[in-house]
1. Would you work out the Kirkwood radius for the chain? I mean one over the mean of 1/r across all pairs of different Cα atoms, in Å.
2. Given the options Tyr433, Thr171, Ser331, identify the residue whose Cα lies farthest towards the positive end of the charge dipole of the chain (+1 on Cβ of Lys, Arg; -1 on Cβ of Asp, Glu).
3. Please give the direction-averaged projected area of the C-alpha convex hull for segment 2-276, in square nanometres with one decimal.
4. Please report the antiparallel percentage of the DSSP beta bridges confined to the chain, to the nearest 5.
5. Based on C-alpha coordinates, I'd like the Rg and Dmax of segment 325-385, in Å.
6. At 222 nm, what helix-only mean residue ellipticity would the chain give, in deg cm²/dmol to the nearest 500, using -39500 (n - 2.57) for each DSSP H run of four or more?
7. Suppose every Lys and Arg Cβ carries +1 and every Asp and Glu Cβ carries -1, with no other charges. What dipole size does the chain come out with about its Cα centre, to the nearest 20 debye?
8. Report the one residue of Ile278, Leu378, Gly161 whose Cα lies farthest in the direction of the positive end of the charge dipole of the chain (charges on C-beta: Lys and Arg +1, Asp and Glu -1; origin at the Cα centre).
Amino acid sequence: MERIYVLDTTLRDGEQVPGAKLTGAEKLEIARQLAVLGVDVIEAGFPASSPGDFEAVRTISREIRGAGVTALARAVQSDIDAVWEAVRDAEQPQIHIVLGVSDIHLQGKFRRSREDILAMGVEAVRYAKKFTPYVQYSTEDAGRADLGYLTQTVTAVIEAGATVVNIPDTTGYCDPREFGRIILTIKNEVPNIDQAILSVHCHNDLGMATANTLAAIKNGARRIEATINGLGERAGNTALEEVVMALKVKADFYGAMTHIHTEEIARTSRLVSSLTGIWVQPNKAIVGSNAFAHSSGIHQDGVLKNRQTYEIIDPHSVGITESRIVLTARSGRHALRARLRDLGREVDDARLEQFHQQFLELADRKKEVYDEDLLSLLAEQERTHEERAYELLALKVSLGTNSIPRAVVTLRFPDRREETAEAQGSGPVDAAYSAIDQLVGKQARLLEFSLQSVTEGIDAQARVSVRIEIDNDVFIGRGIDSDIVLSGVKAYLDAWNRAAFRESNPTLVRA
Ligand SMILES: [Zn+2]
């Protein structure tokens, strides 16, 4: 079996999704879970982009053991310096340099000749090698590049010391046969290719990221870059869980394997979704909520007789277990902590105390508390735990068939001041949002509002996700409560808090 290495770029490429901005603590939490999942390298960010991102990469490098840490640099010394300063304390620090290779990028972005760009790339690799033996070079937009120039570039950067050459289909343009051929050509025509690991990074603009990545493996790639839930720019990246499970389920066909602990996939997916605020579509392969649901009578009957009739993957192998009633209002702190531990989450005494209170409030309203409820509640507590700019102190709404809905909202501001505002609207949520805008002193434009129930039953918790636009920037917010108006208000405030967090941690540039 060929070993396939996995670089996870959820915290870099995935975090570039509009509104998915994570705090340093959230990034660290995801990095911890990625190490548990067993990824080989974590791409933790783009340190030159902002002081906040630099700090997050440094913290992850210092805390995470069991996985290498890398971060992105453009082919300029100041970016490489920033990466090295941020990753130097990692167990295996790596530097990732990216530079365009297609004529479209060379002319459109850099206005430089092929020779110039090649020299710039070689120089950047040589510079990075002074800091660490592990230097990765990515030929941006390789999917649309001239194949001759691409192989020439790969040869030159390996010569200069690159230990990983990564071939990105940056625009998601390639077809699997085409992309496989590019990889095969590099494998056959780059004379020093055995001195570096050949890696791929695919985007999903035509829905072919997973197929292209697998085609690359079939043709000799030995490392993949991917994200959890396929997060990433535009239509996203290759979904890590899809490639890993394809290799596992079709081991005979690919003759290749990763060292990913697949039973951690579902948990990692849920964590990323809850911290980024970006839900997974129900029919998403491997991690969608319907991925293992059999709805037609014929299928159900077959599965009951023998699971393999309609199921190629055992749900337990990706960490999916059935909803179970775990706790009630009579459950104490010990039971709560033990259950959280089973779910892979450790909480200290102070947080447990606070969490237990929230749990009791929930258990009072909702008799049966499921694992999903606990995880949602914990995610909400973690997200608002730090950087909480605005806090909801009170909400009162009135509505009826013949009256105009009104809302009275009391907020606590970062400077501990408390204020109340009243507004009316087309419904209670709309009225509450207007009151919040009044209090914050700015108007947000609501782009999207979606409501989902966490589990089944009339007393289930409602999960609301909103996307709002403030000063031409998009922010995602999530809220959860057994009251749908309250969960909508929490989601809205969460988005406002993310906007406030961004204001204090501006992003300077984007890769
Ligand atoms: Zn990308």
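What follows draws every value from the coordinates through simple rules; no lab data is involved. Since this is a predicted model, take the numbers as computed values, not measurements. Using ideal geometry, Cβ is built from the backbone for each residue, glycine included, and neighbour counts are taken over all protein chains shown.
1. Computed over the chain, the radius equals 24.4 Å.
2. So the residue we want is Ser331.
3. On the way: hull surface 50.3 nm².
Projected over every direction and averaged, the Cα hull of segment 2-276 covers 12.6 nm².
4. Approximately 50 percent, going by the DSSP bridge assignments.
5. For segment 325-385, the Cα radius of gyration and maximum Cα-Cα distance read 10.3, 27 Å.
6. Details: 16 runs with 202 residues, N = 511.
Calculated mean residue ellipticity at 222 nm is -12500 deg cm²/dmol.
7. Details: 59 positive and 73 negative charges, 49 e Å.
Computed charge dipole of the chain: roughly 240 debye.
8. Gly161
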